[in-house]
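The values are calculated or read from the model by the stated rules, or taken from the named source; none is laboratory data. Keep in mind that this is a model prediction, so the values were computed, not measured. Methodologically, a virtual Cβ is constructed for each residue, glycine included, from the backbone with ideal geometry; neighbour enumeration extends over all protein chains shown.
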Amino acid sequence: MGFMNQRPELTLDEARFAKVQLPRRIWSVASIHGQAEQLAELHRQLIERFAPGDRLVYLGNYLGVGTAVRETVDELLRTRRRLLAHPGVYEPCDFIYLRGAQEEMWSKLLQLQFAPNPRDIYEWLLDHGVGPTIEAYGGTISAGRANVRDGPLAITKWTSSLRANVHRSAGHRDWFASLKRAAYTTAPDGGLLFVHASIDPARPLSMQGDVFWWDTGSFDLLDGRFNGFARVIRGYDHKRRGVMLDTPYAATIDGNCGFGGKLVAVCFDPAGQVIDRIEA
């Protein structure tokens, strides 16, 4: 585990990694999966507890599975505007959104015309939950299959129509463009690292690649500090084992929202200790 105990990198690409600025507490929100009503209820409780100096990190998988995909993004944007309406209390950088597996798959779908085997990739994406997002932005699964059969030009026209519908949804295009790969804090004792689904302890943070989204079991191998961070916190467990907060160097806050479970938000202090929790 060559990178387990090294100090966090301080020259990360700001376009991909977000630094959580001077947090008093950090609220993190687990995978949502298109469950807009649960998100609205969680936000209602969160706003009552959110205080100056708090920061908010969403850990990905806003889309897919559930049908209220656009409503979920609208709720995220609405809550951000509501909190920013307190002049001098919060700044845009206080709210961070990570890219999840669902958002990564949506990005791949919009580039399907460039894939060497678009039929196979399209079916794989459908098997992994992208269907509701296609329909939320004006497409149909059957039209996708037809265009995939007809070749790159037809696929391009279809994906362009989906992209245009994203652009027509107020704020959605800029929101998608703002998604980060990971977020981190810095502190004398190491700080915290927030990821979507996993990290590989054998790789440096800047070289994780797709590991952020697809867990091969490496997250379970964390038995010490990764890159010097006091704790790594993730928002989605592909194995759906529920919330796990009792391990010293890692935490999973996924309550299986979208699969019959709860949407969970957990509040951490700068040292990584749990100080509050919300379920909706």
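crowded, with 24+ Cβ neighbours inside 10 Å, under 15 Å from SER31 (Cα atoms) and of a type outside the set (Gly, Ala, Ser) - does that describe any residue in the stretch 220-230? Taking every residue of the stretch 220-230 in turn, none turns out to be crowded, with 24+ Cβ neighbours inside 10 Å, under 15 Å from SER31 (Cα atoms) and of a type outside the set (Gly, Ala, Ser). When the residues of the stretch 232-280 are narrowed to those that are among the small types (Gly, Ala, Ser) and within 11 Å of VAL29 (Cβ to Cβ), which ends up surrounded by the fewest Cβ atoms within 10 Å (Cβ to Cβ)? Residue satisfying both the conditions and the ranking: ALA280. The one condition from (1) under 23 Å from the mean Cα position of the chain (by Cα); (2) in a helix (DSSP H, G or I) that ALA146 does not meet is (1). Counting the residues of the stretch 81-116 that are within 19 Å of ARG44 (Cα to Cα) and within 16 Å of the chain's Cα centre (by Cα) gives 4. Restricted to the stretch 1-100, the set of strands (runs of 3 or more DSSP E) holding at least 2 residues that are modelled with pLDDT of 95 or more and buried (at least 20 other Cβ atoms within 10 Å of the Cβ) comprises 25-29, 54-58, 95-97.
Any chance you could count how many residues in the stretch 154-197 are over 25 Å from GLN208 (Cα atoms) and either charged (D, E, K, R) or part of a helix (DSSP H, G or I) (or both)? Within the stretch 154-197, residues that are over 25 Å from GLN208 (Cα atoms) and either charged (D, E, K, R) or part of a helix (DSSP H, G or I) (or both) number 17. So, THR140, is that one over 29 Å from PRO23 (Cβ atoms), of a type in the set (Val, Ile, Thr), surrounded by fewer than 21 Cβ atoms within 10 Å (Cβ to Cβ) and outside the structural domain of VAL69 (by TED's automatic domain parsing) or not? For THR140, the condition - over 29 Å from PRO23 (Cβ atoms), of a type in the set (Val, Ile, Thr), surrounded by fewer than 21 Cβ atoms within 10 Å (Cβ to Cβ) and outside the structural domain of VAL69 (by TED's automatic domain parsing) - is met. Test THR133 against the stated conditions and say whether it is part of a helix (DSSP H, G or I), β-branched (Val, Ile, Thr) and under 21 Å from the mean Cα position of the chain (by Cα). For THR133, the condition - part of a helix (DSSP H, G or I), β-branched (Val, Ile, Thr) and under 21 Å from the mean Cα position of the chain (by Cα) - is met.
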